[in-house]
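Taking it in order: structure first as structure tokens, then the write-up.
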Amino acid sequence: MKRYGMLIDGQWVPARSGETREIRDPADGALLAKVPEAGRVDAEAAVDAARAAFDAGPWRKLTAQDRGKLLFRVGEGIRAHAKRLAELETRNCGKPLAEAAFDVADAADCFEFYGGLATKIHGETMQVPANSLSYVVREPVGVCGQIIPWNYPLLMAAWKLSPALAAGNTAVLKPSELTPLTALELGRIICEAGIPAGVVNIVTGPGAGPGEALAASPQVDKVAFTGGTVTGRKVMTAASGNLKKISLELGGKNPNIVFADADLECAVDGALFGAFANQGEVCSAGSRLLVERSIHARLVEGMLKKIPRIKLGHGLEPGVKMGPLVSAAHRDKVESYIEIGVNEGAKLLCGGKRPKGRAFAKGHFLEPAIFDRVKPSMRIAREEIFGPVLAVIPFDSEDEAVSIANDTEYGLAAAVWTKDVTRAVRVISRLRAGITWVNTYHPTFNELPWGGYKASGMGRELGLYGIEEYLETKQVNINLDENPIGWY
Ligand code: NDP
């Protein structure tokens, strides 16, 4: 069992209250670590440190080249500790090791992507109707409060910190109270890379208290949040106090649409992977499978044949494809949706039960569930469950598929499976979602913008769009006329 401090102003410190929180492995309940249980006052101290580092520290004097090099060093540091980080991620949030290893490599790539981008931030010169040299410069926004969830703890920290730092901001990161460990390890790597004290601060604790303090603080210039839509609304309200800039990456109830002409084997694979990767605890999970009626029976049969291959267990065990859910409370929530689905009249084809056996006794495991004959009006088709529960909805026409797909408050991701390229392009253009795929599900690239339409959020992370969220725009007008204005 390891004891961690949290990172404030370059120091590893306890909570002012002295309180700590036990961090446990969701697969077997083992005690992994104790971390400080921050309160508002700790978050405020971290904000003060970030404010001072932005306003008066050496950070703002570094060139973009220097910042870029530091970010590359963070990427190298992540790679140097990749094995340990992946194992820690698996232990802390439950995901299978192969998925954690992928996340760790992706996090390193993300720091390197934004390390490269640091030197490409540029303004422009405009011709104006005056004797003036007029130009536009891009500047960092300032102090960023960054609040992240428990499903991709290290990767979300990378998505938040790397563009903020590339643009020259300072940050206070608050990981989920359940999964702070890899973010704290990342903090160590950031310090070792030579990023000055106070530039990155990491506060461990609950949303109520430190999270709210970050969202509300008048010293914070921008808040970036990933999590549930209900919390997103609260963050937005809190952020309105000083009208801080805001970006929100929220939930989804994403349609995965399979047309009759799709390659059935690929579609079966994509349907299962879309719904059940990372235990289905993914904002972009393909949790609604819309299937053209003529292939509905064959697609369902294909999935049922393959589902026994999703081996449950501790994510560190070889061959495991699905770990536990993140917490007992979260499993209870997901289980309640199984009951809701059955009561609504959907047909539970498989799963939805706690697996039996000693290996599962102390973990929050749940067998992947597939509901068939789901009506678009049912709660299991409308509400984000955020677990391994797939709702299969048959359709008869392209128009009907699009209509069902768009009939949701969300608009994060969507996919289409068809061999007809014209149809693929046509349907994608009709889907109201920010992330779309054709004949695949889930690939995510640091180069491309990530974010949703409608209640799935605002703003975009990743790619060139991601750094825009961390930049202010300033116009500069240099008068070249040496005569007085002569207005009066
Ligand atoms: P939350 O939205 O509650 O948590 C996300 C982050 O926000 C966590 O760091 C949390 O802190 C923090 N937080 C919570 N309340 C506040 C607040 N009032 N002000 C500021 N920060 C706050 O997600 P949960 O973990 O509770 O999950 C709830 C649901 O949200 C899930 O079932 C799922 O539907 C959805 N979700 C969506 C995600 C996505 O990527 N779109 C990711 C995670 C969840 P802490 O956890 O430490 O209390």
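All of the numbers you see were taken from the coordinates with simple rules; none came from a lab. Bear in mind the structure is a predicted one, so any value in this text is a computation, not a measurement. Glycine gets a Cβ as well: all are built from the backbone with ideal geometry, and neighbour counts include every protein chain shown.
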The chain: calculated mean residue ellipticity at 222 nm from DSSP helix runs of at least 4, using -39500 (n - 2.57): -11500 deg cm²/dmol
The range 378-488 - Rg (one decimal) and Dmax (whole number), Cα, Å: 22.2, 75
Which of F273, Y465, L304, positive extreme of dipole for the chain (C-beta unit charges): L304
Spatially proximal aspartates and glutamates relative to K253 (Cα-Cα < 13 Å; intrachain offsets below 8 disregarded): E281, E383, E384, D407, E409
Quotient of Cα Rg and 2.2 N^0.38 Å for the chain, N being how many residues it contains: 1.03
Virtual spin-label span in nm between T20 and A329, 7 Å along Cα→Cβ: 2.2 nm
Farthest positive-ward along the chain dipole, Cα basis, beta-carbon charges - from P96, M126, T444: P96
Calculated on alpha-carbon atoms, Rg and Dmax of the range 1-153 in Å: 20.2, 72
Unit Cα scatterers, Debye sum, the range 259-384: log10 I(q)/I(0) for q = 0.13, 0.17, 0.20, 0.22 Å⁻¹: -0.54, -0.92, -1.26, -1.47
Cα Rg, Dmax (largest Cα-Cα span) when computed across the range 98-199, Å: 17.1, 61
Set of aspartates and glutamates with alpha-carbon distance to K305 below 12 Å, sequence-local pairs under 8 removed: E265, D269
Candidate lysines for bridging to K83, where Cα separation is under 30 Å - those fewer than 8 sequence places away on the same chain excluded: K2, K34, K69, K95, K160, K174, K306, K311, K321, K362
Alpha-carbon centroids, the range 235-277 and the range 288-336: separation in whole Å: 17 Å
Cα centroid of the range 151-221 to Cα centroid of the range 44-92, whole Å: 9 Å
Net charge dipole size for the chain [Lys, Arg +1 and Asp, Glu -1 on Cβ; Debye, nearest 20]: 1040 debye
Mean separation of Cα contacts under 8 Å (6+ apart) over length of the range 249-396, as relative contact order %: 28 percent
